[in-house]
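Notes to accompany the following structure.
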Amino acid sequence: MELSSEPLELIKEQGQAQPSETDAPRMKVCIVAAIGENLELGKDNQLLWHLAEDMRFFKELTSRHYVIMGRKSFESIPKKYRPLPDRTNVIISRDPEYMFEECYTCTSLDEALSLPAENGELAAFVIGGGEIFRLALEQDVVDEMYLTHVNASFPDAEIFFPAYDASQWNKTHIKSIVADSQNQFGFDIFHYEKIKA
Ligand SMILES: NC(=O)c1ccc[n+]([C@@H]2O[C@H](COP(=O)([O-])OP(=O)(O)OC[C@H]3O[C@@H](n4cnc5c(N)ncnc54)[C@H](OP(=O)(O)O)[C@@H]3O)[C@@H](O)[C@H]2O)c1
């Protein structure tokens with residue numbers, strides 16, 4: 001059950017690039033992740049939960065955009081759903097020969113981000129996993145985060161979202177979902193915007 005919501009289009013609009021001094025729009029880099037109470041992301045190259053409403057949110061947010069992910073996250077997507085449909089899939093691997101039909105392979109995050117930027121995209125979505133989230137936050141290239149906070153902890157988790165400094169982000173609540181037959185755990189989705197120095 002949804003407890004509160006803000007239209008996603010409005011949130012996406014707020015995420016549109018603002019004109020710079022040269023009037024050339026700068027692409028926003030957005031992280032999308034679901035995390036447990038202890039920043040858990042996954043185990044055995046899988047997610048730790050089944051949250052149908054979060055999958056719907058993810059699909060609506062990222063459709064028609066570039067999605068950038070590590071090779072392990074790409075391979076964690078069930079075969080029938082990969083490449084993620086209606087999105088440009090970009091895989092990051094150290095192996096330049098790594099290929100998958102209808103996907104781009106890049107050997108660095110920089111190169112991966114240059115693809116949507118050169119295509120004039122206003123936003124690109126970094127969708128995991130732990131190694132790539134860490135890279136993006138360490139390189140300080142992230143403008144926004146859409147974080148689903150799952151109301152549970154997962155002691156068996158092996159992969160974690162990097163610790164981030166909450167004081168550097170403006171946080172807006174998007175929606176709350178309570179556990180039901182489609183959503184194994186309750187969760188809250190928040191939109192984070194990096195506070196510019
Ligand atoms: N909860 C969530 O929102 C969420 C989202 C996504 C994924 N996940 C989970 O996260 C787990 C996967 O995450 P992960 O951290 O193990 O792997 P990952 O970040 O998805 O991918 C790691 C791979 O990315 C490539 N890579 C990493 N750093 C690189 C660099 N500097 N330059 C070039 N390539 C680089 C390497 O590929 P090669 O080995 O091919 O060189 C590396 O093995 C799974 O359990 C998945 O289910 C959770």
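No value in this document is a laboratory result; all are computed from the given coordinates. Quick caveat: nothing in here was measured; it's all calculated off a predicted structure. Cβ atoms come from the backbone with ideal geometry, glycine included; neighbour counts cover every protein chain shown.
Sort largest first and round to whole Å: the equivalent ellipsoid semi-axes of region 110-197, each the square root of five times a Cα gyration tensor eigenvalue.
26, 16, 15
Would you work out the charge dipole size for region 64-147 about its Cα centre, treating the Cβ of every Lys and Arg as +1 and the Cβ of every Asp and Glu as -1, and quote it to the nearest 20 debye?
The dipole magnitude comes to about 480 debye.
Order by neighbour count: PHE160, PHE133, fewest other Cβ atoms within 10 Å first, most last.
Listed from fewest to most nearby Cβ atoms, that is PHE160, PHE133.
Would you kindly derive the ³J(HN,Hα) couplings of region 82-96 from the backbone phi angles with the Karplus curve 6.51 cos²θ - 1.76 cosθ + 1.60 (θ = phi - 60°), listing them in order in whole Hz, with x for Gly and Pro?
10, x, 4, x, 6, 9, 8, 8, 10, 9, 9, 8, 6, 8, x
How much net charge surrounds ASP156 when only the other residues with a Cβ under 12 Å from the Cβ of ASP156 are counted, with Lys and Arg +1 and Asp and Glu -1? Present the calculation step by step, with values, prior to reporting the outcome.
Details: positive: LYS43; negative: GLU40, ASP44, GLU158.
Neighbour charge sum, excluding ASP156 itself: -2.
What's the exposure ranking of ASP165, ASP95, going from fewest to most Cβ atoms within 10 Å? Before the final figure, lay out the partial values.
Working: ASP165 7, ASP95 10.
Result, fewest neighbours first: ASP165, ASP95.
Rounded to the nearest 0.05, what FRET efficiency do ARG64 and ASN170 have when you use their Cβ-Cβ distance and R0 = 25 Å?
It comes to 0.45.
Can you give me the relative contact order of the chain as a percent, contacts being Cα pairs under 8 Å and 6 or more apart? Walk me through the intermediate numbers first.
Values: 374 pairs, mean separation 64.0, N = 197.
Worked out over the chain, it gives 33 percent.
Under the classification rounded if a/c is under 1.5, otherwise prolate if a/b is larger than b/c and oblate if not, where does region 67-127 fall, given a ≥ b ≥ c as square roots of the Cα gyration tensor eigenvalues?
Note, shape of region 67-127 comes out oblate.
Write down Rg/Rh for the chain, rounded to two decimals, with Rg from the C-alpha atoms and Rh from the Kirkwood relation over Cα pairs.
Radius of gyration relative to Kirkwood radius: 0.94.
Cut-off is 10 Å between beta-carbons; in what order do GLU102, GLU111 appear when sorted fewest neighbours first?
The most exposed by this proxy come first: GLU102, GLU111.
Applying 1/(1 + (r/R0)^6) with R0 = 30 Å to the Cβ-Cβ distance of LYS79 and GLU118, what FRET efficiency is obtained, to the nearest 0.05?
0.50
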